[in-house]
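Contents: one structure, followed by commentary.
The values are calculated or read from the model by the stated rules, or taken from the named source; none is laboratory data. Computed from a prediction, not measured in an experiment: that's the story for all the values here. Cβ sites come from the backbone with ideal geometry, for glycine too, and all protein chains shown count toward neighbours.
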Amino acid sequence: MLNVLTNRTFRHMFAAQLVALVGTGLATVALGLLAWQLAGADAGLVLGTALAIKMVAYVLLAPVAAALAERLPRRAFLVALDLLRASVVLFLPFVTEVWQIYVLIFLLQAASAGFTPAFQATIPDVLPDEQDYTNALSLMRLTEDMEQLLSPMLAAALLTLVSFPVLFGGTVAGFVASALLVLTVTLPARAPANQAGFWAATTKGARIYLATPRLRGLMLMELAVAAAGAMIYVNTVVLVQARFGLGASQVALAFAAFGAGSMVAAFLLPRVLDRIADRPVMLGGAGLMVAGVALVPLAPGLAGLMGLWAGIGFGFAFTQIPIGRILNRSARPEDRPALFAAQFALSHAAWLVTYPLAGWLGSAFGLTAAALGLAALGAVAMVAVMRLWPATDPVELAHAHPDLPADHPHLQGHQGDEHRHALMIDDLHHRWPRATGSTA
């Protein structure tokens, strides 16, 4: 896995992700404590609303940002968004009203809606070999897991010395360091994008996504993941501080358990994916997450909760690491940025549903009802995945082009009306073939 770090460009991009995520981890803990300070036992409702606003920014702005990014230098675009995120976080320690949290979260996540898909789409260009790319995905997942594990532990240590608003300073430092690291690399030239209109560029990724069966299944998979994940991100602070009567340091430890489970899975997955296809790996991970949330009402205390959170984190990595591989083989290089942005937006639409649902169920009916309701939603989503994503999902598909003239360049070298190749939705393939010989 670590051999990909010999690539200087990836090494610097990896470091940029690491420092930004550590800062983001500190902000996650600090935001939960800020919500508790302003709203007390209703902190889950405040966090659920704030995170729903975050999802609105992701869903609405990621495709627009991707269309803009096609027209701007990649490196400058990433650096500018890092600096914008740092500037917004500077204001969070001075918040005195709940509505101010909501405004700043929207601005912060509007910048992230542009940064994250653009960052993810650069990695296949930096590491074109599929095995290297798989190792990079696992390593980047491991980076996110380290953030889940180490950032809360760092936060817990810092909270013994300083008050929680100081943690936001760590977030600012992380974004600034990320910008500086991105400045040190030269990114590969992009494949030339189709010079379509702005609206066509904005919707291109969604059109590819919704026309590809495996990606439609992936979208429902993300709903199952979001149902379980929302319970953790929204209600951990309430479980630990209200139900168990513990403090801020224990909140950090609970988040760290989730990261630890995911980190173990990230170490295992490169070998697992050499032997098992992406679909069963991801279904197994989602099933583990849903089962873990269903067991939350039985958690007797912090230790039991940490065990469940670790298991859910393990399943989370199993669902998230293969996503980049699936996207990479579902679009041509010139369409990858748009597809990564569509994945970012459509997957976070699921979180837009589950974040406020987790907060509302917990506030209105209690944490047991929240856990069972979210687990039921996740189970329904998994059934839908198995129906939408074919168990047999070959890369190459036989299809025909009755609309193309016989001398069209795309048909050269193929005999008869039908041909076979790795099929992706693009300007020549508007629909997924239903059967051999069907129109693409």
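Overview of results
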| item | result |
| --- | --- |
| Top-ranked residue of region 173-187 - restricted to ones that are part of a helix (DSSP H, G or I) and over 21 Å from the mean Cα position of the chain (by Cα), ranked as modelled with the lowest pLDDT | Ala173 |
| Near pairs, Cβ below 6 angstrom, 6+ apart or cross-chain, from region 280-291 (part of a helix (DSSP H, G or I)) to any residue that is buried (at least 17 other Cβ atoms within 10 Å of the Cβ) and hydroxyl-bearing (Ser, Thr, Tyr) | Met282/Thr319; Gly285/Thr319; Ala286/Thr319 |
| Region 69-79, subset in a helix (DSSP H, G or I) and modelled with pLDDT of 75 or more, residue farthest from the chain's Cα centre (by Cα) | Ala76 |
| Some residue of region 118-130 being over 17 Å from the mean Cα position of the chain (by Cα), more than 19 Å from Leu18 (Cβ to Cβ) and surrounded by 16 or more Cβ atoms within 10 Å (Cβ to Cβ) | yes |
| Any hit, region 107-129, residues being part of a helix (DSSP H, G or I), of a type in the set (D, E, K, R), closer than 27 Å to Thr319 by Cβ and at pLDDT 75 or above | yes |
| Residue among Thr9, Thr24, Thr28 that alone is of a type in the set (S, T, N, Q), modelled with pLDDT under 70, within 24 Å of Ile123 (Cβ to Cβ) and assigned to a helix (DSSP H, G or I) | Thr28 |
| Where Ser363 falls short, out of the listed (1) surrounded by 24 or more Cβ atoms within 10 Å (Cβ to Cβ); (2) of a type in the set (Gly, Ala, Ser); (3) within 30 Å of Tyr102 (Cβ to Cβ) | (1) |
| Selection count where residues are among the polar types (S, T, N, Q) and more than 22 Å from Ala177 (Cβ to Cβ), scope region 67-117 | 2 |
